[in-house]
Every structure is written in C-alpha cells, then in structure tokens.
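Bear in mind that the values in this text are calculations on the coordinates, not laboratory data. Everything quoted here is computed from the prediction, not taken from an experiment. Cβ: placed from backbone, ideal geometry, glycine included. Neighbour counts: every protein chain shown.
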Amino acid sequence: MDSLNRVIKVEQITENTYPHHGHGVETNVALQRFYAQRNMYLTGFTLFLSLILNRTFFMILDLLKSEEKMEVIKKEASQQSKEYERALESETKLKKEVKELSEIVASHAGAKADLESLKKQAKQQQSEYLRMADENSAMEMKLMGSNSKKEAKKDI
C-alpha cells in the first residue's frame, strides 16, 4: 500500500511540475517516479511470490503426507497378501483333511454296512439254528416216545 501511495504522490508531483522549472527538476521527478514504480512492482511481485511460496509449501506438505500414507498402505497390502497366502495354504490343507476324512467316513460307512449284513446273517443263522434245535428236540422226543412205547410193549 505504501508503494502505491508513493506512486500516486509522485504522479501528482509530476502533474504539478511546470515546464519552466528546468531540466534538472524534470529529471529528478522522473527519477522519483521510476523508483516509486519500481518499488510498487517489486512489492507486488514479492506479494505474488509469497502467495506462490505458501501454496507450494502446503502442496509439498500434502505430498509428503500422501507418500507416508502410501507407504503405510503398501505395508498393509503386503501384510494382507501374506495373510492371504497363509489362508490359501491353510485352506488347501483343510481341503486335504476333509477329503481324507470323507474317505475314512466312506470306508466306515462300508464297514458299517458290512457289519449290519453280518448281524442280519448271524441273526438268521441263530434263528435257523434254534429252529433246527427245536426240530431236533422234537424228533428226539418223538424217537424217545416211540422207544418208550416199544419198551412198554416189550414189558407187557
């Protein structure tokens, strides 16, 4: 603001200077005008550069923060990829275990079916044995009964 006021003041002095004052006065006024304008441009340019520098500083600060975040994200991504690989390995192991267990279950189911058929067969054999034993007993009783009758007839 001061440099702008100085330029305005020098312009007023230039307007008020009369041509009859001489060559030295005109040169002195032109020199003051030159310095005032130069100072105004320098001040404006400095103000512009300070704004640019401030904005550049914050952009660099944002860039640094973004780079730090990117590093953190990269670390997290590498940890997650390692965890993903571990999970895949454990999933593969678990699938193998499930397959083995399903094979064991299938073989046990076959053994259980065999056991059931053996139980049925044993039950059938036992019932047949009991039927045959009863039949044998009945035949022996019949035979004993007929032998007793023969002995009774002999005794008579």
Given (i) 133, 13, 7; (ii) 50, 15, 12; (iii) 23, 17, 16 as candidate values of semi-axes √(5λ) of the Cα gyration tensor in Å, which corresponds to the one derived from the coordinates?
-> (i)
Residues of segment 107-137 with amide N under 20 Å of a point placed 7 Å along Cα→Cβ from Ser146 = 132-137
Relative to the chain, whose Cα atoms define the longest principal axis, helix 23-155 and its Cα axis are tilted in degrees, nearest 10, by 0 degrees
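How high is the relative contact order of the chain? Use alpha-carbon pairs under 8 Å, at least six apart in sequence, and give a whole percent. Provide the component values of the computation, followed by the final result.
Details: 21 pairs, mean separation 26.9, N = 156.
For the chain, the relative contact order is 17 percent.
Going by average Cβ neighbours within 10 Å, how do the peptides 31-42, 120-131 rank, with the highest at the top? Please list the in-between numbers first.
Working: 31-42: 14.2, 120-131: 10.0.
Final packing ranking: 31-42, 120-131.
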FRET efficiency, 1/(1 + (r/R0)^6) with R0 41 Å, evaluated for Glu135 and Glu91 via beta carbons | 0.05
Inter-probe distance in nm under a simple model that places probes 7 Å from Cα toward Cβ, at Glu83 and Phe45 = 5.7 nm
Cα centroid distance between segment 35-71 and segment 114-134, in Å?
-> 102 Å
